[in-house]
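Here's the structure, in structure tokens; my notes come after.
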Amino acid sequence: MSGELRVLFFASLADQLKCRSLVMPFPDSQLSAADLRDTLIEQYGETWNALRSDQLRCAVNQEIVKMDHPLKPGDEIAFFPPVTGG
């Protein structure tokens, strides 16, 4: 599984995308979380434009990161909307 990425979607984002998780091969080139987001939008079409939100958050291996965070084979990437509480 080292040559793959596991991608998770949470909360309202998962509902919008109608997808909770997917596994995809790691590309031969360098990849950031933002690159992955753009690849998913390109691959799955405009129905995945919810990933374009400025409010989108990302975690890699359960640690919140910025969108320019570099990815490596075997990483688990989670995309989710901002968390609110009250």
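Annotation: of all residues in segment 6-41 being free of Cβ contacts under 8 Å to residues at least 24 places away in the same chain and of a type in the set (V, I, T), the one that is nearest to K72 (Cα to Cα) is V23.
Of the strands (runs of 3 or more DSSP E) lying entirely inside segment 10-86, those containing at least 1 residues that are of a type in the set (S, T, N, Q) span 21-25.
Laboratory data are not the source of any read-out in this text; all were calculated from the coordinates shown. This structure is a prediction, so every number in the text was calculated from the model and none was measured. Backbone-built Cβ (ideal geometry, glycine too); neighbour counts: all protein chains shown.
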